[in-house]
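Asker: Handing you a structure now.
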Amino acid sequence: MLKSLFSKILIATALLSGPALSDDGFIGGFKIYEESLRAKPYAWTKVKSPSPVRAGQISQRFELRDGDCEPDQTMCQIGRIHFELKSNLKMKIGDEKWIAMSIFIPKDFDTDKLDTFLFQLHHNGGTAVVNDAGGKQHKFFSIGCFKNALIVDYRELTGTDEDRKYRDTKISSCESMKNKWTDLLIHINLEKENGFLEIYSNTKKIFDVRKGQKYQYTTIDDVVFNGTKKTNFINKDVDFFDVTYGVYITNAQKYRDKTGDPVPKTIAYIDEVRIGNERSEVDIRSQPVIDPVD
């Protein structure tokens, strides 16, 4: 019975490239990142209107409460809490993919005091560096809300301590995202030398990095860095990359220490998550006839 229940959970998101659905969930779909947290029924649910739904009949509701790192003691020790889904798809060096997702954050979503990731692309294999929280850093880039700003936290993937350097690029206001859907579209080419990363918000390109291109990083503290990317897009050996999305609060302990309060309940809705080989397979705005992900 448990296996049957988990099979239904797996069918939360459609992957348009790859094999068709099977009885045990669809190949290349998404699974719960921390299996232990499945015991918390509020953490991840499928909801219908009047809850926010981007398209079709169903969206995914994520809810994070203080202490939602158990029994993952490592997360507790470094003061972080999270609940995420993780892709079964393993993207390799040389792959090129389009990734789409729609995000809805309610009015009471704390975009000021909490640092909250909503999307991450992790790398597996190769050299890992120790991050500021004392854990191993395997993150290529992530998207989230910090100090009222929607940011892209991009790492160079050099395989050295340089990867600890944050490139927190402010791309829009998280406050302006409240009570509405934001459609994110990611185009990534994972070639080492001439790869690139493009990110769109509601069809507007908000981030673009590749070798030889000029860039400007505006940090969450409004410090501006200008330069040209002189290195290859990827400068280390990586076994594969995978996607996670959900709610991941990185400063839970700092919030408790500063306010004297527990971390408030944090809710986000995510819908229309797709990974494909072409933009036309995943982009709900340019291709409104795409079947909704239910």
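Asker: When the chain is fully extended, how far beyond the present Cα-Cα distance does Ser49 get from Lys230, taking 0.36 nm per residue of separation?
Answerer: 60.3 nm
Asker: Shifting gears a bit: Rounded, prolate or oblate: which fits segment 159-294, taking a ≥ b ≥ c as square roots of the Cα gyration tensor eigenvalues, rounded meaning a/c under 1.5, else prolate when a/b beats b/c?
Answerer: Cα axes put segment 159-294 in the oblate bin.
Asker: Count charges around Thr111 for me, please; just the other residues with Cβ under 13 Å from its Cβ, Lys/Arg as +1, Asp/Glu as -1.
Answerer: 0
Asker: Then there's this: What's the extension gain from Asn277 to Lys254 if we count 0.36 nm per residue and subtract their Cα-Cα distance?
Answerer: Between Asn277 and Lys254, full extension yields 4.3 nm more.
Asker: Something else now. I want the local charge near Thr231. Using Cβ-Cβ distances under 9 Å, sum +1 for each Lys or Arg and -1 for each Asp or Glu among the other residues.
Answerer: Charge balance near Thr231 sits at +2.
Asker: Rounded to whole Å, give me the distance from the Cα center of segment 224-275 to that of segment 52-69.
Answerer: Each part reduced to its Cα centre gives a spacing of 17 Å.
Asker: Now, a different point. Figure the gain on full extension for Val289 and Thr218 (residue separation times 0.36 nm, minus the Cα-Cα span) and round it to one decimal in nm.
Answerer: Net length gain for the segment: 21.9 nm.
No lab work stands behind these numbers, since they all come straight from the coordinates. The structure displayed is predicted, hence computed values, not measured ones. Every residue, glycine as well, gets a Cβ built from its backbone with ideal geometry; the counts of neighbours run over all protein chains shown.
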